Amino acid sequence: MNLHHLVASDAPFALIARDPDSVELLTGDIVDVELLADIPLKDTSGAAREVLALVPYRQVRERGFVCHDDGAPLRCLVVSEHVRIPRDEALAQLPTERIPLVDAGFDIADEEYAQIVRRVIADEIGQGEGANFVIRRDFTAEVDADPRLAALAWFRALLTHERGAYWTFAVVTPGHVAVGASPEAHVSARDGVVTMNPISGTFRHPAGGATAATLTEFLESTKETEELFMVVDEELKMMSAVCSDGGRITGPHLKEMSRLTHTEYMLRGRSRLDPRDILRETMFAPTVTGSPMQNACTVIARHEASPRGYYSGVAALFTPRVTLAADEPTHDLDAPILIRTAYLVDGRLRVPVGATLVRHSDPYGEVGETHGKAAGVLGAIGAVPRDMVSEARTAAIDEDAPAPPTAPLADDPDIARLLASRNARLAAFWLNPQDVDGSGPFAGRTALVVDAEDRFTTMLAHQLRHLGLQVEIAPWAQVTAEQLDAADLVVCGPGPGDPRDTTSPRIRRMQEVVAHRRDAEAPLLAVCLSHQILADRLGIELAPLDAPHQGLQKTVDVFGTPASIGFYNTFTARVAPGTTRVGDAEVSADAAGDVYALRGHRFASVQGHLESILSRDGMDTLERLVAHALA
């Protein structure tokens, strides 16, 4: 197979490198569609066909989320030919030209981006809008070169100089070029097994490359560790929505690339959903949006002035399955996140990058992270100077030659121990197999979980099923009085925002739901935001915390039993120190009066997230509180 013709041709194509030995060439016809359900996985005769889809960020509208809508098409390459080429052969045929950039630089100045970081921490995280948010900036430049030549030259450069990528790719379609080396698989589905790969925490290699000593400081960082735990929690919400067995965690691992090293986990579960439905329910990765997901989209729209295009979307390859049972999906799915990608449209290069902002982010540290991520792509394609010492280590090599292999840092015994030690903080429930067999202490009972715009409710529902309950989830805006009355137990879920804000329709409705169950003296469990709403109804003061507890793990007393629990709250219910009862409610609070749990006649509540991976005692505490509410 000769690749030279791709420059002269005007036909669309994609080049993908997913293994160390080959490059895949996909050719076919372009079809733009409006919805994920419209991706044409079958031809007019009903025969399955292969499709590569570029899914833009604007598809979050399918889930009812807000965005700056730039009209970027959901672009499908309907594959007519798919061939594998030995990697060495592909490298020999691809062009080696350096593509010069003109007027290169970030669209947002460093100081302006640092100020955005400060605003997000103060106005969003500090006001309870969520745990973490990803705000992007773009590195841009003018390119005076044939776009197809540029695409092929950049693809070759990434193959040569970047390592550790999940996909290295070039997708060339009419008027649009995308070339990247994505480190992260968003979601895959193969033979009914769904896998997600949350990656977070970014270590920028010092000059000369990373060493065990320099990496150790990064791995010991509380900020970087909690950042990873938060995105694992967010992706477990998605896994619990699409997988019957919730999702099991394995890891952590290192993702080592040329200029950056990340930490990652793998999540796996089983699903019989159509892969397009799996993709819809997992739009998009919290590592490039934030959490909770719905509010993250709102925050992005507030702080990013321009549309995202394909940044933070996915490239989704749907491949027909060879053997099928009657009730199984027809296609497997492989979908990396569209990050570390260069886009070329009408002679304008754009490399979008973002930083994950959390409660203890350093604004200038986040500025540096965006520089490091952009340099990962730009250095590989030769647009900025490469770290030749890192690439060559001790060997002198030509700068166009591949870097010699080096021993993975994850093989270092001290690094391996540091990584493994992270799991000591996590809930064993999510590290073990997740099958639900219908048994449990509350078998035969029903539960209705009211979702207040935080899909922690999917994880809660999965845990409740493990306790034997038959569970239904209802959105706050759609739940009816009949549903509330029919359930043996109503679980009012968590959500973003200020629990005192009665101008919010969501807060008002959650107040009504809590009041409905309390007035009926019907079993109720309230979590986080709903715990605060219940406390307010009991006459307990609500107040903002001095510092948000977003992604914080604490051991607290829950009615006489110490419990290690994960917290994601900015507000708290607060009583006078030493208070143990308010009216008919028993209060569990710390020495300062911050209330962690309440219980009374046929109700219980908890401030923490018992479903979080940070809640080592989550299942035991949940069972105790449910038993009390149902008693």
Checklist entry - Which of 354, 48, 461 sits closest to the plus end of the dipole of the chain, meaning its Cα is farthest towards the positive end, when Lys and Arg get +1 and Asp and Glu get -1 on the C-beta? => result 461
Next on the checklist: How much length would be gained if the chain were fully extended between residue 63 and residue 516, taking 0.36 nm per residue of separation minus their Cα-Cα distance, in nm to one decimal?
Outcome noted: 160.2 nm
Checklist entry - Over what distance in Å are the Cα centres of the range 487-556 and the range 337-376 separated? => result 36 Å
Checklist entry - For the range 432-438, in order, what is each residue's ³J(HN,Hα) by Karplus, 6.51 cos²θ - 1.76 cosθ + 1.60 with θ = phi - 60°, in whole Hz (x at glycine and Pro)? => result 10, x, 10, 5, 10, 10, x
Checklist outcome for this item: If 429, 442 are placed from fewest to most neighbouring beta carbons inside 10 Å, the sequence is 442, 429
Checklist entry - Kirkwood Rh, the range 485-575, all Cα pairs: how many Å? => result 14.0 Å
Next on the checklist: Using the Cα centre of the range 436-630 as the reference point, and only Cβ charges (+1 on K/R, -1 on D/E), how large is the resulting charge dipole? Debye, rounded to the nearest 20.
Outcome noted: 40 debye
Item to check | Furthest towards positive pole of dipole, 232, 605, 154, structure part the chain, Cβ charges | outcome: 605
Next on the checklist: Test of understanding: express the Cα radius of gyration of the range 144-295 as a ratio to 2.2 N^0.38 Å, with N the residue count.
Outcome noted: 1.17
Next on the checklist: I'd like the distance separating the alpha-carbon centroids of the range 462-478 and the range 404-439, in whole Å.
Outcome noted: 29 Å
Checklist entry - Applying 1/(1 + (r/R0)^6) with R0 = 51 Å to the Cβ-Cβ distance of residue 437 and residue 96, what FRET efficiency is obtained, to the nearest 0.05? => result 0.30
Checklist entry - Which helices pass in the chain if a helix is a full DSSP H run, must span at least 27 angstrom along its long axis by Cα, and must have mean Kyte-Doolittle hydropathy not below -1.0? => result 222-242
Item to check | R0 of 51 Å, Cβ-Cβ distance residue 541-residue 43: FRET efficiency to nearest 0.05 | outcome: 0.20
Checklist outcome for this item: Given unit charges at Cβ for Lys, Arg (+) and Asp, Glu (-), the dipole magnitude of the range 139-197 about its Cα centre in debye, nearest 20, is 200 debye
Checklist outcome for this item: Assertion target for 226, 256, 611, ordered by fewest C-beta neighbours within 10 angstrom first, is 256, 226, 611
Checklist outcome for this item: Only helices counted: for the chain, with every DSSP H run of 4 or more residues adding -39500 (n - 2.57) and the sum spread over all residues, [θ] at 222 nm is -8000 deg cm²/dmol
Checklist outcome for this item: Fewest-first ordering of 218, 318, 65, 229 by Cβ atoms within 10 Å yields 218, 65, 229, 318
Next on the checklist: About the Cα centre, and with charges only on the beta carbon of Lys, Arg (+1) and Asp, Glu (-1), how big is the dipole of the chain? Nearest 20 debye, please.
Outcome noted: 780 debye
Checklist outcome for this item: In terms of the charge dipole of the chain, which places +1 on Lys and Arg and -1 on Asp and Glu at the beta carbon, the residue among 615, 298, 128 farthest towards the positive end is 615
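Compute the semi-axes of the equivalent ellipsoid of the chain, taking the square root of 5 times each eigenvalue of the Cα gyration tensor, and list them largest first in whole Å. All intermediate terms of the calculation are to be shown ahead of the outcome.
Working: eigenvalues 397, 143, 96 Å².
Three semi-axes, in Å: 45, 27, 22.
Each value in this text was obtained by applying a stated rule to the coordinates, not by laboratory testing. Owing to the predicted nature of the structure, the values given are computational and were not obtained by experimental measurement. Heads up, the Cβs are rebuilt from the backbone with ideal geometry, glycines too, and the neighbour counts pull from every protein chain shown.
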